[in-house]
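Step one of this worksheet: look at the structure below.
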Amino acid sequence: MSRLRVPVVVDHLGDVEVRGGLDQPGWKLLVDLVRDGVWTKLSGAFRLSTSGYLDTIPFARELVEAAPECCVWGSDWPHVGFFGRMPNVGELLDLLTDWVPDPAAREAVLTTNAHRLYGFPVAGAAV
């Protein structure tokens, strides 16, 4: 996937089984793919967590450490195909400070990375 000539985005932290820990082969593969240039969406904590989102922190941090320039945040709104307790998007956004503790990396995850991935114009740039 990392050799495709189009951007590839894996959402929801790769839909990892958080109870399986960071040594799962599928998880390691995702981290390697992100390190090689596959994008990942830091989203879906409410889909993965079994204990109030805190169990997702090590997973998000490992992706960000692998390639912060390949991470974007997403709310996953409107939460289709999810039939549990609807999440509070504000709580999910607050979680981002735990997922991406470095302010510069967090700014990139929220803005400049998305600009590059989706081709959004950068404010103040000549058109």
Next item on the list: Compute the acute angle (0 to 90°) between the alpha-carbon long axis of helix 57-66 and the principal axis of greatest extent of the alpha-carbon atoms of the chain; round to the nearest 10°.
Entry: 30
Margin query: Show me, bin by bin at 5 Å from 0, the whole-percent P(r) of the chain based on Cα pairs.
Written below: 2, 11, 21, 23, 20, 14, 6, 2, 1, 0
Check: Sorted by accessible area (1.4 Å probe), largest first, how do S43, S75 line up?
Finding: S75, S43
Margin query: At 1.4 Å probe radius, can you tell me the per residue accessible area of the stretch 7-127 in Å²?
Written below: 54
Notebook entry, point to check: Any idea what the dipole of the chain comes to, in debye rounded to 20, about its Cα centre with Lys/Arg Cβ at +1 and Asp/Glu Cβ at -1?
Noted result: 360
Checklist line | Cα long-axis angle, helix 89-99 against the chain (0 to 90 degrees, to the nearest 10) | finding: 80
Margin query: Considering only C-alpha atoms, what is the centroid distance from the stretch 5-49 to the stretch 64-127, in Å?
Written below: 14
Item checked: Cα-based helix-to-principal-axis angle, 25-35 vs the chain, degrees rounded to 10 -> 20
Note to self: Check which residues have an amide H placed less than 5 Å from L42's amide H, if you skip close sequence neighbours.
What the structure shows: V72, W73, G74
Next item on the list: Could you look at the stretch 63-114 and say what percent of its accessible area is carbon and sulfur, using a 1.4 Å probe and all protein chains?
Entry: 60
Check: Any idea what % of Cα-Cα pairs in the stretch 15-72 are farther than 16 Å?
Finding: 37
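The values are calculated or read from the model by the stated rules, or taken from the named source; none is laboratory data. Predicted model, so just to flag it, every value in this text is computed and none were measured. Counting neighbours? That spans all protein chains shown, and the Cβs are built from the backbone with ideal geometry, glycine included. All accessible areas refer to the heavy atoms of the entire protein, side chains included, with ligands and DNA or RNA removed. Shrake-Rupley method; radii C 1.70, N 1.55, O 1.52, S 1.80 Å.
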